[in-house]
Amino acid sequence: MEEWLTQRAKEMRHEPVLYERRLWKLLRDRRLGGLKFRRQFEFEDGPYIVDFVCFRHRLIIEADGPQHEDRAEDAARDDWLRSQGFRVLRFPNQQIENHGEQVIGAILAAADERLTRD
């Protein structure tokens, strides 16, 4: 495993941004529909770090600040993650802030869709 990637993921877990903290409060300890999420998980083959991942449902959740608008790097990263069998849900910070119920609903719907499809 890439040492720098592991170190960066560790730093991100210890110093999460505001909206990642808010999502983690909902996702941790199986609080959201019993779903088990890990945060700031590194995919060494990518190499990428994702905000939150639920392996059982092959679901990745990203909290996106303004730096993520129309970035080719994010598109390439998402393509790679999809090629690994994951579904990627991206939520702008403002949606997390102002429409948290919609975010929760979308996550639960995606997890349910994965279960019924598999």
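The values are calculated or read from the model by the stated rules, or taken from the named source; none is laboratory data. On a predicted model such as this, the values are computed, not experimentally measured, just so you know. Positions of Cβ are backbone-derived with ideal geometry, glycine not excepted, and every protein chain shown enters the neighbour counts.
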**Request:** Quickly run through region 51-74 and pick out the residues that are more than 12 Å from residue 86 (Cβ to Cβ), surrounded by 20 or more Cβ atoms within 10 Å (Cβ to Cβ) and touching a residue at least 40 places away in the same chain (Cβ under 8 Å).
**Result:** 63
**Complete:** Checking 19, 48 in turn, the sole residue that is in contact with a strand residue (DSSP E or B) (Cβ under 8 Å, 6 or more places away or on another chain), closer than 24 Å to residue 3 by Cβ and in contact (Cβ under 8 Å) with a residue 12 or more places away in the chain turns out to be 48
**Fill in**
residue 17 fails exactly one of (1) at pLDDT below 85; (2) crowded, with 16+ Cβ neighbours inside 10 Å; (3) aliphatic (A, V, I, L, M), namely (2)
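Here is a yes/no grid of residues against (1) among the aliphatic types (A, V, I, L, M); (2) farther than 20 Å from residue 102 by Cβ; (3) under 9 Å from the mean Cα position of the chain (by Cα); (4) modelled with pLDDT of 90 or more:
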site: 32; (1), (2), (3), (4): yes, no, no, yes
site: 42; (1), (2), (3), (4): no, yes, no, yes
site: 45; (1), (2), (3), (4): no, yes, no, no
site: 53; (1), (2), (3), (4): yes, yes, yes, yes
site: 59; (1), (2), (3), (4): yes, no, yes, yes
site: 63; (1), (2), (3), (4): yes, no, yes, yes
site: 71; (1), (2), (3), (4): no, yes, no, no
site: 79; (1), (2), (3), (4): no, yes, no, yes
**Item:** Those residues of region 77-103 which are of a type outside the set (Val, Ile, Thr) and more than 22 Å from residue 55 (Cβ to Cβ), in sequence order
**Value:** 92, 93, 94, 95, 97, 98, 99, 100, 101, 102
